[in-house]
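To keep things clear, I will list the structure first and then write my remarks on it.
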Amino acid sequence: MTGIESPRRDFESLLDVFEAAQKQEQAVSRQIDGLYELACNEKVFAGMAELQWFVTEQVEEEKTIREIVSKLRMVQGDSA
């Protein structure tokens, strides 16, 4: 059995924090997609219906973090 990896604590900037969060959201999306694909392949239609909520929610989460990262990149280095 393996343990849970310690969270990252060394960030260079606020942008670095949110880029790490974006990578995490992308990983979660891949995991949800994998579960949905498995449910589809196994013809577990009730499971697919239940997972649809997670798919929809994760799309929104990725959109939100993508917008934050985009805005942070836009103002990066702007001292005003």
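The values are calculated or read from the model by the stated rules, or taken from the named source; none is laboratory data. From a predicted model like this one, the values you see are computed outputs, not experimental measurements. A quick note on method: Cβ atoms are made from the backbone with ideal geometry, for glycine too, and the neighbour counts reach across all protein chains shown. All accessible areas refer to the heavy atoms of the entire protein, side chains included, with ligands and DNA or RNA removed. Shrake-Rupley method; radii C 1.70, N 1.55, O 1.52, S 1.80 Å.
General remarks:
- Selection within region 45-58 - of a type in the set (A, V, I, L, M) and exposed (fewer than 12 other Cβ atoms within 10 Å of the Cβ): ALA46, ALA49
- Residue within region 37-44 that is open to solvent by less than 70 Å² (accessible area, probe 1.4 Å) and not hydrophobic (A, V, I, L, M, F, W, C) present: no
- Restricting region 17-37 to residues that are of a type in the set (D, E, K, R) and more than 15 Å from PHE54 (Cβ to Cβ), the residue that is nearest to the chain's Cα centre (by Cα): LYS23
- Taking the criterion of being free of Cβ contacts under 8 Å to residues at least 12 places away in the same chain, assigned to a helix (DSSP H, G or I) and open to solvent by 90 Å² or more (accessible area, probe 1.4 Å), the residues of region 64-78 that qualify are LYS71, MET74.
- Looking across region 54-71, the residues that are within 10 Å of the chain's Cα centre (by Cα) and among the hydrophobic types (A, V, I, L, M, F, W, C) come down to VAL59, ILE65.
- Restricting region 1-32 to residues that are open to solvent by 100 Å² or more (accessible area, probe 1.4 Å) and among the acidic types (Asp, Glu), the residue that is nearest to VAL59 (Cα to Cα): GLU5
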